[in-house]
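Taking it in order: structure first as structure tokens, then the write-up.
Nothing in this text is a laboratory measurement; each read-out follows from the coordinates by a stated rule. For clarity, every value in this text was computed on a predicted model and none was experimentally measured. Note that we place each Cβ from the backbone using ideal geometry, even for glycine, and neighbour counts take in every protein chain shown.
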Amino acid sequence: MKQEDMMINLENVSMRFNLGIEKGFSLKQGFINMFDPKKRKAKKELKKKNEFWALKDVSFKIKRGEVVGFIGSNGAGKSTLLKVVAGVMKPTKGKVNAYGNICPMIELGAGFDPQLTARENIYLDGAVMGYSKELIDSKFDEIVDFAELRDFLDVPVQNFSSGMVARLAFSIATIVEPEILIVDEILSVGDIAFQAKSEAKMMDMIMGGTTVLYVSHTLESIKKLCDKVVWLDHGKIRKIGGKELCDEYFKECNI
């Protein structure tokens, strides 16, 4: 693959979490442990026991304009992988290279202040995503109309339903077409009409050449939108292939 055709390159990426919570720690206890081999060993073994590797030596390359779907059971590492690519998390091991500006639609509304109004949150969330005030000003009506929330602009977001929050966040995130779009289950939020609208918006981005990483438990959506499929299993890549992997995964899940 030529360098100019590559958008994302992951090399042996691993992500470790510590599931344990140390209790009763003190400087005195820490000092004692330094000189007690048995306690040091026990602490080391406990730390190792509490380790959870969400990703293990994941490697793949994505070309410019590819739409890649990620499938796998809950806990397979899909969302963690997207966060690593988006730069939200730094991998424990390995390298991630992304050649283009990224729009991560992973946790819609995470940048909102619930006590601020929708109007105020448009500017706040836009700033978090790196948009200038001038850009938000020029796109304000487009954001509001797409979200269908003009009658609620001066209502605090804490009074919104989850669907309304998702609509507003999606509208803000998609005002600029990114080179890389990272999507985690967001097409299943909102009512049926908004799901269709958001899918149409994403299709426009795909047709415009945006590279897309897409996670969904709805296999039909993966088959409809994606060129390539990556099957994750317990943090490792099980297979990489075409849409036929969705049928293979479905058969295995229904054994």
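The slack in the chain from ARG16 to GLU134, taken as 0.36 nm per residue of separation less the alpha-carbon distance, amounts to 38.4 nm. Under the combined filter of DSSP loop state and at most 13 neighbouring Cβ atoms within 10 Å, segment 151-237 retains none of its trypsin sites (Lys or Arg not before Pro).
For the cross-link pairs LYS78/LYS224; LYS197/LYS224; LYS56/LYS223; LYS93/LYS239; LYS61/LYS201; LYS93/LYS223, the ones whose C-alpha atoms lie over 23 Å apart are LYS56/LYS223; LYS61/LYS201; LYS93/LYS223. Length gained on full extension, ILE240 to GLN195: 13.4 nm, using 0.36 nm per residue less the C-alpha separation. Between SER73 and ASP141, the distance separating the two model label sites (each 7 Å from Cα on the Cα→Cβ line) works out to 5.2 nm.
Would you mind getting me the FRET efficiency between ASN159 and PHE52? Use the beta-carbon distance for r and R0 = 45 Å, nearest 0.05. Given R0 = 45 Å and the Cβ-Cβ separation, E is 0.75.
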